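The values are calculated or read from the model by the stated rules, or taken from the named source; none is laboratory data. Bear in mind that the values here come from a model prediction, so they are computed numbers and not experimental data. FYI the Cβ positions are ideal-geometry reconstructions off the backbone, even for glycines, and counts take in every protein chain you see.
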Amino acid sequence: MTLTPGTSAPPLLLIGRAILDMNMHRRHFLASPLAALPLRAARRPNILILLADDLGFADLGFQGSNEIPTPHLDTLARTGVRFTNGYVSHPFCSPTRAGLMTGRYQQRFGHENNPRYDPRDEVSGLPTDQITLAQLLKDAGYATGLFGKWHLGAAPRFHPMKRGFTETFSFLGGGHDYFETQLDGEPREYLIPIQRNGNPVALNEYLTDALSREAAAFIGRRREHPFLLYLAYNTPHTPLQPASKYLDRFAHIANERRRKYAAMVSALDDGVGRVLGALREAKLESDTLVFFLSDNGGPPEANASSNHPLRASKGTVYEGGIRVPFVARWPGVLEPGLYHHPVISLDLLPTALGAAGLKPPAVDGVDLLPHLTDKSPPPPHEKLFWRTGGGVSGAVRQGRFKLVRPPGGGPPQLFDLETDAGESNDLAAARSVLAVQLNAAWEQWNRQLVPPLF
Ligand code: CA
(Lines give C-alpha, C1' and ligand atoms only; values in the text may rest on other atoms or scores of the structure.)
Protein backbone atom coordinates (compact mmCIF):
# COMPACT_ATOMS: atom_id res chain seq x y z
CA MET A 1 0.00 0.00 0.00
CA THR A 2 1.24 3.48 -0.79
CA LEU A 3 -0.11 6.69 0.54
CA THR A 4 -1.73 9.08 -1.82
CA PRO A 5 0.73 11.92 -2.34
CA GLY A 6 -0.27 15.12 -0.65
CA THR A 7 -2.48 13.64 2.03
CA SER A 8 -1.42 14.13 5.59
CA ALA A 9 -0.38 10.98 7.36
CA PRO A 10 -2.29 9.84 10.41
CA PRO A 11 -0.40 7.61 12.86
CA LEU A 12 0.87 4.48 11.15
CA LEU A 13 -1.09 2.06 13.23
CA LEU A 14 -4.30 3.83 12.31
CA ILE A 15 -3.39 3.80 8.64
CA GLY A 16 -2.88 0.08 8.71
CA ARG A 17 -6.08 -0.53 10.54
CA ALA A 18 -8.05 1.76 8.29
CA ILE A 19 -6.80 0.08 5.13
CA LEU A 20 -7.47 -3.34 6.54
CA ASP A 21 -10.95 -2.41 7.65
CA MET A 22 -11.90 -0.64 4.47
CA ASN A 23 -10.77 -3.56 2.39
CA MET A 24 -12.71 -5.92 4.60
CA HIS A 25 -15.77 -3.83 4.07
CA ARG A 26 -15.30 -3.74 0.33
CA ARG A 27 -14.45 -7.26 -0.54
CA HIS A 28 -17.96 -8.60 -0.22
CA PHE A 29 -19.52 -6.74 -3.06
CA LEU A 30 -16.91 -5.30 -5.38
CA ALA A 31 -16.53 -7.39 -8.48
CA SER A 32 -12.91 -6.43 -9.05
CA PRO A 33 -10.21 -8.37 -7.22
CA LEU A 34 -8.84 -6.77 -4.11
CA ALA A 35 -5.44 -6.09 -5.65
CA ALA A 36 -7.04 -3.93 -8.32
CA LEU A 37 -8.75 -1.61 -5.86
CA PRO A 38 -7.70 2.02 -6.02
CA LEU A 39 -5.34 2.91 -3.23
CA ARG A 40 -7.23 5.75 -1.65
CA ALA A 41 -7.54 4.23 1.80
CA ALA A 42 -4.78 6.37 3.27
CA ARG A 43 -7.30 9.02 4.17
CA ARG A 44 -9.62 8.24 7.01
CA PRO A 45 -13.21 9.05 6.04
CA ASN A 46 -15.06 12.13 7.10
CA ILE A 47 -18.20 11.61 9.17
CA LEU A 48 -21.19 13.77 8.28
CA ILE A 49 -24.27 13.50 10.49
CA LEU A 50 -27.38 15.25 9.21
CA LEU A 51 -30.01 15.35 11.93
CA ALA A 52 -33.55 16.67 11.50
CA ASP A 53 -35.75 17.61 14.46
CA ASP A 54 -39.31 16.35 14.88
CA LEU A 55 -39.56 15.24 11.24
CA GLY A 56 -42.59 13.10 10.40
CA PHE A 57 -41.91 9.54 9.25
CA ALA A 58 -43.94 10.00 6.06
CA ASP A 59 -42.83 13.50 5.07
CA LEU A 60 -39.98 12.91 2.62
CA GLY A 61 -40.14 11.78 -0.98
CA PHE A 62 -38.15 8.63 -0.28
CA GLN A 63 -40.47 7.85 2.62
CA GLY A 64 -43.46 8.00 0.29
CA SER A 65 -44.57 11.62 0.45
CA ASN A 66 -46.22 12.98 -2.69
CA GLU A 67 -46.87 16.31 -1.03
CA ILE A 68 -43.39 17.54 -0.06
CA PRO A 69 -40.71 17.17 -2.77
CA THR A 70 -37.30 16.41 -1.24
CA PRO A 71 -35.06 15.78 -4.25
CA HIS A 72 -31.75 16.13 -2.40
CA LEU A 73 -32.68 13.77 0.42
CA ASP A 74 -34.18 11.37 -2.12
CA THR A 75 -30.86 11.32 -3.99
CA LEU A 76 -29.02 10.66 -0.75
CA ALA A 77 -31.34 7.76 0.04
CA ARG A 78 -31.12 6.36 -3.49
CA THR A 79 -27.33 6.39 -3.46
CA GLY A 80 -27.06 5.05 0.09
CA VAL A 81 -28.50 2.42 2.38
CA ARG A 82 -32.03 3.21 3.49
CA PHE A 83 -32.96 1.63 6.80
CA THR A 84 -36.61 0.64 6.81
CA ASN A 85 -36.45 -0.18 10.52
CA GLY A 86 -34.28 2.70 11.69
CA TYR A 87 -34.82 3.79 15.27
CA VAL A 88 -33.72 6.43 17.71
CA SER A 89 -33.09 5.57 21.36
CA HIS A 90 -35.70 7.99 22.70
CA PRO A 91 -38.94 9.56 21.49
CA PHE A 92 -37.83 13.12 22.13
CA CYS A 93 -34.99 15.53 21.63
CA SER A 94 -32.28 15.64 24.26
CA PRO A 95 -32.11 11.98 25.38
CA THR A 96 -31.81 10.90 21.72
CA ARG A 97 -28.89 13.28 21.26
CA ALA A 98 -27.25 11.97 24.44
CA GLY A 99 -27.49 8.42 23.05
CA LEU A 100 -26.26 9.46 19.62
CA MET A 101 -23.25 11.29 21.06
CA THR A 102 -22.23 8.41 23.37
CA GLY A 103 -23.43 5.22 21.66
CA ARG A 104 -24.97 4.19 24.97
CA TYR A 105 -28.56 3.87 26.12
CA GLN A 106 -28.81 7.27 27.77
CA GLN A 107 -30.85 5.85 30.65
CA ARG A 108 -27.64 4.14 31.82
CA PHE A 109 -26.36 7.55 32.92
CA GLY A 110 -29.59 9.27 33.89
CA HIS A 111 -30.12 11.37 30.75
CA GLU A 112 -33.76 10.57 30.28
CA ASN A 113 -35.42 13.96 30.11
CA ASN A 114 -34.89 17.26 28.33
CA PRO A 115 -32.65 19.62 30.33
CA ARG A 116 -34.33 22.90 31.17
CA TYR A 117 -32.54 25.84 29.64
CA ASP A 118 -30.60 27.47 32.50
CA PRO A 119 -26.89 28.34 32.23
CA ARG A 120 -26.69 28.13 36.05
CA ASP A 121 -28.01 24.57 36.13
CA GLU A 122 -24.95 22.37 36.67
CA VAL A 123 -26.95 19.13 36.69
CA SER A 124 -29.16 19.20 33.60
CA GLY A 125 -26.88 18.12 30.79
CA LEU A 126 -24.92 15.25 29.28
CA PRO A 127 -22.88 13.94 32.24
CA THR A 128 -19.26 14.93 31.69
CA ASP A 129 -17.95 11.47 32.60
CA GLN A 130 -19.54 10.19 29.38
CA ILE A 131 -17.19 10.28 26.40
CA THR A 132 -18.61 11.67 23.17
CA LEU A 133 -18.14 10.79 19.52
CA ALA A 134 -16.66 14.25 19.02
CA GLN A 135 -14.05 13.69 21.74
CA LEU A 136 -13.08 10.31 20.33
CA LEU A 137 -12.66 11.64 16.79
CA LYS A 138 -10.95 14.82 17.96
CA ASP A 139 -8.43 12.69 19.86
CA ALA A 140 -7.83 10.80 16.61
CA GLY A 141 -6.96 14.02 14.81
CA TYR A 142 -10.33 14.91 13.30
CA ALA A 143 -11.60 18.46 12.95
CA THR A 144 -14.95 18.43 14.75
CA GLY A 145 -17.73 20.85 13.88
CA LEU A 146 -21.17 21.31 15.44
CA PHE A 147 -23.72 23.32 13.51
CA GLY A 148 -27.18 23.82 15.00
CA LYS A 149 -28.93 22.53 18.07
CA TRP A 150 -26.93 21.24 21.03
CA HIS A 151 -29.55 20.61 23.76
CA LEU A 152 -27.17 18.66 25.97
CA GLY A 153 -26.92 21.23 28.75
CA ALA A 154 -26.59 25.03 28.97
CA ALA A 155 -24.11 25.40 31.87
CA PRO A 156 -20.50 26.14 30.83
CA ARG A 157 -19.36 22.65 31.85
CA PHE A 158 -21.69 21.11 29.26
CA HIS A 159 -20.62 23.40 26.41
CA PRO A 160 -20.02 21.58 23.13
CA MET A 161 -16.48 22.99 22.94
CA LYS A 162 -15.80 21.16 26.20
CA ARG A 163 -17.34 17.97 24.81
CA GLY A 164 -15.11 17.49 21.82
CA PHE A 165 -16.16 20.08 19.24
CA THR A 166 -13.44 22.42 18.00
CA GLU A 167 -15.72 24.59 15.87
CA THR A 168 -19.33 25.53 16.47
CA PHE A 169 -22.10 27.63 15.00
CA SER A 170 -24.82 26.57 17.35
CA PHE A 171 -27.32 27.33 20.03
CA LEU A 172 -27.43 25.59 23.37
CA GLY A 173 -31.17 25.16 23.93
CA GLY A 174 -33.87 22.83 22.69
CA GLY A 175 -35.06 24.98 19.82
CA HIS A 176 -34.77 28.43 18.31
CA ASP A 177 -36.63 31.20 16.61
CA TYR A 178 -35.81 31.04 12.89
CA PHE A 179 -35.41 34.77 12.37
CA GLU A 180 -34.43 36.44 15.61
CA THR A 181 -31.96 36.38 18.46
CA GLN A 182 -31.65 38.62 21.50
CA LEU A 183 -28.05 39.59 22.10
CA ASP A 184 -28.45 41.38 25.45
CA GLY A 185 -30.29 40.82 28.71
CA GLU A 186 -31.47 37.35 29.66
CA PRO A 187 -33.26 36.05 26.59
CA ARG A 188 -35.61 33.13 26.82
CA GLU A 189 -34.45 29.82 25.43
CA TYR A 190 -35.56 30.27 21.83
CA LEU A 191 -34.01 33.72 21.49
CA ILE A 192 -30.56 33.04 22.93
CA PRO A 193 -27.68 34.17 20.72
CA ILE A 194 -26.23 31.86 18.16
CA GLN A 195 -22.63 31.15 19.20
CA ARG A 196 -19.72 30.91 16.85
CA ASN A 197 -17.00 29.02 18.69
CA GLY A 198 -18.61 30.05 21.97
CA ASN A 199 -19.02 33.75 21.12
CA PRO A 200 -22.44 35.32 20.51
CA VAL A 201 -23.12 36.43 16.95
CA ALA A 202 -26.05 38.15 15.31
CA LEU A 203 -28.42 36.14 13.13
CA ASN A 204 -28.75 37.92 9.81
CA GLU A 205 -30.24 35.10 7.78
CA TYR A 206 -33.00 32.51 7.96
CA LEU A 207 -31.62 30.10 10.55
CA THR A 208 -31.92 26.92 8.47
CA ASP A 209 -30.09 28.63 5.60
CA ALA A 210 -27.43 29.94 7.96
CA LEU A 211 -26.74 26.47 9.35
CA SER A 212 -26.44 25.03 5.85
CA ARG A 213 -24.14 27.82 4.71
CA GLU A 214 -21.90 27.48 7.74
CA ALA A 215 -21.72 23.70 7.39
CA ALA A 216 -20.85 23.98 3.69
CA ALA A 217 -18.12 26.50 4.54
CA PHE A 218 -16.71 24.12 7.15
CA ILE A 219 -16.38 21.44 4.49
CA GLY A 220 -14.53 23.85 2.21
CA ARG A 221 -12.28 24.95 5.06
CA ARG A 222 -11.51 21.47 6.34
CA ARG A 223 -11.32 19.58 3.06
CA GLU A 224 -7.68 18.60 3.47
CA HIS A 225 -8.13 16.69 6.73
CA PRO A 226 -10.65 14.21 8.12
CA PHE A 227 -13.59 15.87 9.84
CA LEU A 228 -16.69 15.16 11.86
CA LEU A 229 -19.51 17.45 10.82
CA TYR A 230 -22.56 17.23 13.07
CA LEU A 231 -25.28 19.31 11.42
CA ALA A 232 -28.19 19.31 13.86
CA TYR A 233 -30.95 21.25 12.19
CA ASN A 234 -33.77 22.40 14.47
CA THR A 235 -36.14 22.36 11.51
CA PRO A 236 -38.98 21.30 11.28
CA HIS A 237 -39.37 21.69 15.07
CA THR A 238 -41.72 24.47 16.15
CA PRO A 239 -42.12 27.43 15.94
CA LEU A 240 -43.60 27.04 12.46
CA GLN A 241 -41.61 29.85 10.83
CA PRO A 242 -40.80 29.19 7.19
CA ALA A 243 -39.02 31.76 5.05
CA SER A 244 -41.29 33.07 2.30
CA LYS A 245 -39.16 31.63 -0.51
CA TYR A 246 -39.96 28.14 0.82
CA LEU A 247 -43.57 28.91 1.68
CA ASP A 248 -44.18 30.03 -1.90
CA ARG A 249 -43.55 26.47 -3.07
CA PHE A 250 -46.59 25.14 -1.24
CA ALA A 251 -49.42 27.49 -2.12
CA HIS A 252 -51.42 24.40 -3.11
CA ILE A 253 -51.57 23.08 0.48
CA ALA A 254 -54.76 24.46 1.98
CA ASN A 255 -53.99 23.80 5.64
CA GLU A 256 -51.86 26.72 6.82
CA ARG A 257 -49.89 24.83 9.46
CA ARG A 258 -49.20 21.95 7.10
CA ARG A 259 -48.14 24.47 4.45
CA LYS A 260 -45.65 26.06 6.84
CA TYR A 261 -44.35 22.67 7.92
CA ALA A 262 -43.89 21.55 4.31
CA ALA A 263 -41.94 24.74 3.62
CA MET A 264 -39.63 24.03 6.55
CA VAL A 265 -39.00 20.48 5.33
CA SER A 266 -38.25 21.98 1.92
CA ALA A 267 -35.69 24.29 3.55
CA LEU A 268 -34.15 21.24 5.18
CA ASP A 269 -33.91 19.54 1.81
CA ASP A 270 -32.35 22.58 0.15
CA GLY A 271 -29.86 22.77 3.02
CA VAL A 272 -28.90 19.13 2.69
CA GLY A 273 -28.46 19.71 -1.03
CA ARG A 274 -26.16 22.65 -0.34
CA VAL A 275 -24.02 20.68 2.10
CA LEU A 276 -23.81 17.61 -0.11
CA GLY A 277 -22.97 19.93 -3.00
CA ALA A 278 -20.05 21.30 -0.99
CA LEU A 279 -18.91 17.74 -0.39
CA ARG A 280 -19.07 17.04 -4.12
CA GLU A 281 -17.20 20.23 -5.02
CA ALA A 282 -14.48 19.30 -2.55
CA LYS A 283 -14.27 15.86 -4.22
CA LEU A 284 -14.93 14.24 -0.87
CA GLU A 285 -18.05 12.18 -1.61
CA SER A 286 -16.16 8.87 -1.65
CA ASP A 287 -14.25 9.87 1.47
CA THR A 288 -17.32 10.65 3.54
CA LEU A 289 -19.70 8.47 5.49
CA VAL A 290 -23.00 10.36 5.64
CA PHE A 291 -25.87 9.65 8.01
CA PHE A 292 -29.29 11.22 7.83
CA LEU A 293 -32.01 10.73 10.44
CA SER A 294 -34.54 12.53 12.61
CA ASP A 295 -34.12 12.77 16.38
CA ASN A 296 -37.63 11.41 17.00
CA GLY A 297 -40.96 10.95 15.29
CA GLY A 298 -43.19 13.82 14.26
CA PRO A 299 -45.57 15.54 16.70
CA PRO A 300 -48.55 16.15 14.34
CA GLU A 301 -50.43 18.35 16.81
CA ALA A 302 -47.43 20.66 17.22
CA ASN A 303 -46.03 20.93 13.69
CA ALA A 304 -48.58 19.23 11.38
CA SER A 305 -46.18 16.40 10.53
CA SER A 306 -47.32 12.91 9.51
CA ASN A 307 -45.98 9.58 10.72
CA HIS A 308 -48.27 7.52 8.50
CA PRO A 309 -48.66 4.52 8.72
CA LEU A 310 -47.09 4.35 12.16
CA ARG A 311 -48.97 4.59 15.44
CA ALA A 312 -48.78 7.70 17.65
CA SER A 313 -46.07 10.32 17.69
CA LYS A 314 -43.16 12.05 19.41
CA GLY A 315 -43.06 11.28 23.11
CA THR A 316 -44.35 7.72 22.88
CA VAL A 317 -42.59 4.39 22.45
CA TYR A 318 -45.02 3.36 19.73
CA GLU A 319 -43.40 3.34 16.30
CA GLY A 320 -44.50 6.90 15.53
CA GLY A 321 -42.27 8.16 18.34
CA ILE A 322 -39.08 6.21 17.69
CA ARG A 323 -38.94 4.92 14.10
CA VAL A 324 -37.52 7.55 11.80
CA PRO A 325 -36.25 8.17 8.28
CA PHE A 326 -32.69 6.83 8.41
CA VAL A 327 -29.99 6.66 5.72
CA ALA A 328 -26.26 5.90 5.54
CA ARG A 329 -24.20 6.65 2.43
CA TRP A 330 -20.55 5.91 1.68
CA PRO A 331 -19.96 5.55 -2.07
CA GLY A 332 -17.70 2.65 -3.00
CA VAL A 333 -18.09 1.04 0.41
CA LEU A 334 -21.83 0.73 1.03
CA GLU A 335 -23.86 -0.76 -1.77
CA PRO A 336 -27.05 1.29 -2.24
CA GLY A 337 -30.26 -0.46 -1.28
CA LEU A 338 -32.74 -1.19 1.48
CA TYR A 339 -31.76 -2.69 4.81
CA HIS A 340 -34.53 -4.22 6.88
CA HIS A 341 -32.96 -5.41 10.13
CA PRO A 342 -33.54 -2.96 12.99
CA VAL A 343 -30.77 -0.41 13.59
CA ILE A 344 -30.63 2.44 16.09
CA SER A 345 -29.07 5.87 16.46
CA LEU A 346 -26.71 4.39 19.07
CA ASP A 347 -24.97 2.65 16.15
CA LEU A 348 -23.62 5.89 14.70
CA LEU A 349 -20.73 6.17 17.15
CA PRO A 350 -19.28 2.67 16.72
CA THR A 351 -19.94 2.76 12.97
CA ALA A 352 -18.14 6.08 12.60
CA LEU A 353 -15.21 4.84 14.67
CA GLY A 354 -15.09 1.59 12.72
CA ALA A 355 -15.04 3.55 9.48
CA ALA A 356 -12.13 5.58 10.84
CA GLY A 357 -10.25 2.42 11.74
CA LEU A 358 -10.58 3.15 15.44
CA LYS A 359 -11.62 0.73 18.12
CA PRO A 360 -14.92 1.85 19.67
CA PRO A 361 -15.31 1.83 23.43
CA ALA A 362 -17.78 -0.64 24.92
CA VAL A 363 -21.16 0.81 24.01
CA ASP A 364 -24.69 -0.41 23.26
CA GLY A 365 -24.55 0.49 19.58
CA VAL A 366 -22.73 -1.73 17.10
CA ASP A 367 -20.51 -1.05 14.10
CA LEU A 368 -22.92 -1.53 11.21
CA LEU A 369 -20.30 -1.70 8.47
CA PRO A 370 -19.62 -5.45 8.69
CA HIS A 371 -23.37 -6.06 8.70
CA LEU A 372 -23.97 -3.82 5.71
CA THR A 373 -21.14 -5.16 3.59
CA ASP A 374 -21.52 -8.89 4.17
CA LYS A 375 -23.78 -10.80 1.83
CA SER A 376 -25.61 -12.78 4.52
CA PRO A 377 -24.97 -11.01 7.78
CA PRO A 378 -26.65 -11.62 11.12
CA PRO A 379 -28.88 -8.83 12.42
CA PRO A 380 -26.88 -6.14 14.23
CA HIS A 381 -29.09 -6.35 17.32
CA GLU A 382 -30.83 -9.26 18.99
CA LYS A 383 -33.02 -6.82 20.91
CA LEU A 384 -33.55 -3.08 21.13
CA PHE A 385 -34.97 -1.36 24.21
CA TRP A 386 -36.68 1.91 25.12
CA ARG A 387 -37.70 3.56 28.40
CA THR A 388 -39.19 6.98 29.14
CA GLY A 389 -39.64 8.92 32.37
CA GLY A 390 -37.72 6.49 34.55
CA GLY A 391 -40.15 3.71 33.64
CA VAL A 392 -43.37 5.49 32.74
CA SER A 393 -43.36 3.55 29.46
CA GLY A 394 -41.09 1.03 27.84
CA ALA A 395 -40.64 -1.19 24.81
CA VAL A 396 -38.46 -3.97 23.47
CA ARG A 397 -38.11 -5.14 19.88
CA GLN A 398 -36.87 -8.61 18.99
CA GLY A 399 -36.99 -9.58 15.34
CA ARG A 400 -40.43 -8.86 13.96
CA PHE A 401 -42.06 -8.56 17.38
CA LYS A 402 -42.29 -5.61 19.72
CA LEU A 403 -43.59 -5.48 23.27
CA VAL A 404 -44.91 -2.14 24.52
CA ARG A 405 -45.38 -1.27 28.18
CA PRO A 406 -47.85 1.58 27.77
CA PRO A 407 -47.90 4.64 30.03
CA GLY A 408 -50.43 4.44 32.81
CA GLY A 409 -49.48 0.93 33.83
CA GLY A 410 -51.77 -0.97 31.48
CA PRO A 411 -50.88 -4.54 30.52
CA PRO A 412 -48.02 -4.99 28.03
CA GLN A 413 -49.00 -5.15 24.38
CA LEU A 414 -47.38 -7.33 21.72
CA PHE A 415 -47.24 -6.46 18.03
CA ASP A 416 -45.97 -8.16 14.90
CA LEU A 417 -44.37 -5.25 13.07
CA GLU A 418 -43.90 -7.18 9.83
CA THR A 419 -47.64 -7.52 9.35
CA ASP A 420 -48.80 -4.66 11.57
CA ALA A 421 -46.52 -1.61 11.36
CA GLY A 422 -49.38 0.46 12.76
CA GLU A 423 -49.43 -1.55 16.02
CA SER A 424 -53.20 -2.02 15.93
CA ASN A 425 -53.46 -5.73 16.67
CA ASP A 426 -52.40 -6.67 20.21
CA LEU A 427 -51.12 -10.26 20.25
CA ALA A 428 -50.23 -10.37 23.95
CA ALA A 429 -53.00 -12.84 24.76
CA ALA A 430 -52.55 -14.99 21.66
CA ARG A 431 -48.75 -15.13 22.04
CA SER A 432 -48.60 -15.01 25.84
CA VAL A 433 -45.37 -17.02 26.21
CA LEU A 434 -43.48 -14.64 23.92
CA ALA A 435 -45.04 -11.65 25.66
CA VAL A 436 -43.87 -12.88 29.06
CA GLN A 437 -40.37 -13.56 27.71
CA LEU A 438 -40.04 -10.11 26.18
CA ASN A 439 -41.41 -8.42 29.27
CA ALA A 440 -38.85 -10.27 31.39
CA ALA A 441 -36.08 -9.23 28.99
CA TRP A 442 -37.17 -5.61 29.30
CA GLU A 443 -37.19 -5.84 33.11
CA GLN A 444 -33.71 -7.36 33.08
CA TRP A 445 -32.46 -4.48 30.90
CA ASN A 446 -34.30 -1.98 33.09
CA ARG A 447 -32.41 -3.20 36.16
CA GLN A 448 -29.16 -2.02 34.51
CA LEU A 449 -30.42 1.57 34.34
CA VAL A 450 -30.37 4.43 36.81
CA PRO A 451 -33.11 6.89 37.75
CA PRO A 452 -33.25 10.13 35.74
CA LEU A 453 -30.63 12.63 36.93
CA PHE A 454 -32.83 15.60 36.04
CA1 CA B 1 -36.92 16.47 18.44
Residues satisfying the stated conditions in the stretch 140-197, i.e. touching a strand residue (DSSP E or B) at 6+ places or on another chain (Cβ under 7 Å) and at pLDDT below 95:
Leu183
Out of (1) crowded, with 24+ Cβ neighbours inside 10 Å; (2) within 16 Å of the ligand (Cβ to nearest atom); (3) of a type outside the set (S, T, N, Q), what's the single condition that is false for Pro239?
(1)
Has the stretch 353-361 got any residue that is away from the ligand (no atom under 16 Å from the Cβ) and either under 18 Å from Val88 (Cβ atoms) or basic (Lys, Arg) (or both)?
yes
With the condition kept exactly as written, say whether any residue in the stretch 433-454 is free of Cβ contacts under 8 Å to residues at least 12 places away in the same chain and of a type in the set (S, T, N, Q).
yes
Out of all the residues in the stretch 286-316, which are crowded, with 24+ Cβ neighbours inside 10 Å, more than 15 Å from the ligand (Cβ to nearest atom) and in a loop (DSSP other than H, G, I, E, B)?
none
Which pairs turn up if I take residues in the stretch 226-239 that are closer than 27 Å to Pro45 by Cβ and in a strand (DSSP E or B) and look for partners that are more than 15 Å from the ligand (Cβ to nearest atom) and not hydrophobic (A, V, I, L, M, F, W, C) with beta carbon separation below 6 Å, at least 6 apart in sequence or on another chain?
Phe227/Asn46; Phe227/Tyr142; Leu228/Tyr142; Leu228/Thr144; Leu229/Gly145
For Gly409, indicate whether it is at pLDDT below 95 and not aliphatic (A, V, I, L, M).
yes
Residues satisfying the stated conditions in the stretch 413-439, i.e. of a type in the set (A, V, I, L, M) and surrounded by 12 or more Cβ atoms within 10 Å (Cβ to Cβ)
Leu414, Leu417, Ala421, Leu427, Ala428, Leu434, Ala435, Val436, Leu438
Does any residue in the stretch 270-284 that is assigned by TED's automatic domain parsing to the domain that holds Pro236 and among the basic types (Lys, Arg) come within less than 9 Å, Cβ to Cβ, of a residue that is part of a helix (DSSP H, G or I) and at pLDDT 95 or above six or more places away or on a different chain, and which pairs are these?
Arg274/His72; Arg274/Asp209; Arg274/Ser212; Arg274/Arg213; Arg274/Ala215; Arg274/Ala216
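Within the stretch 192-206, can you find the residues that are assigned to a loop (DSSP other than H, G, I, E, B) and among the aliphatic types (A, V, I, L, M)?
Residues satisfying the conditions are Ile192, Ala202, Leu203.
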Of (1) away from the ligand (no atom under 16 Å from the Cβ); (2) charged (D, E, K, R); (3) over 19 Å from the mean Cα position of the chain (by Cα), Arg274 satisfies every one except (3)
Is there any pair linking a residue in the stretch 75-97 that is assigned by TED's automatic domain parsing to the domain that holds Glu418 to one that is among the small types (Gly, Ala, Ser) and within 16 Å of the ligand (Cβ to nearest atom), with Cβ under 6 Å and at least six apart or on different chains, and which?
none
For the condition in contact with a Cys (Cβ under 6 Å, 6 or more places away or on another chain), in the same structural domain as Asn114 (by TED's automatic domain parsing) and surrounded by 19 or more Cβ atoms within 10 Å (Cβ to Cβ), what is the one hit in Gly164, Gly174?
Gly174
Regarding the stretch 88-98, can at least one residue be identified that is more than 15 Å from the ligand (Cβ to nearest atom) and aliphatic (A, V, I, L, M)?
no
Working carefully through the options Ala232, Ala215, find the one that is within 16 Å of the ligand (Cβ to nearest atom), at pLDDT 95 or above and touching a strand residue (DSSP E or B) at 6+ places or on another chain (Cβ under 7 Å).
Ala232
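Going through the stretch 163-191 one residue at a time, which ones are part of a strand (DSSP E or B) and among the aromatic types (Phe, Trp, Tyr)?
Residues satisfying the conditions are Phe169, Phe171.
Against the condition surrounded by fewer than 21 Cβ atoms within 10 Å (Cβ to Cβ) and either of a type in the set (A, V, I, L, M, F, W, C) or assigned to a loop (DSSP other than H, G, I, E, B) (or both), how does Gly365 come out, does it pass?
no
Every residue, every condition in (1) in a helix (DSSP H, G or I); (2) touching a Phe, Trp or Tyr at 6+ places or on another chain (Cβ under 6 Å); (3) at positive phi, yes or no:
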| site | (1), (2), (3) |
| --- | --- |
| Ser94 | yes, no, no |
| Arg108 | yes, no, no |
| Leu137 | yes, no, no |
| Thr144 | no, yes, no |
| His151 | no, no, yes |
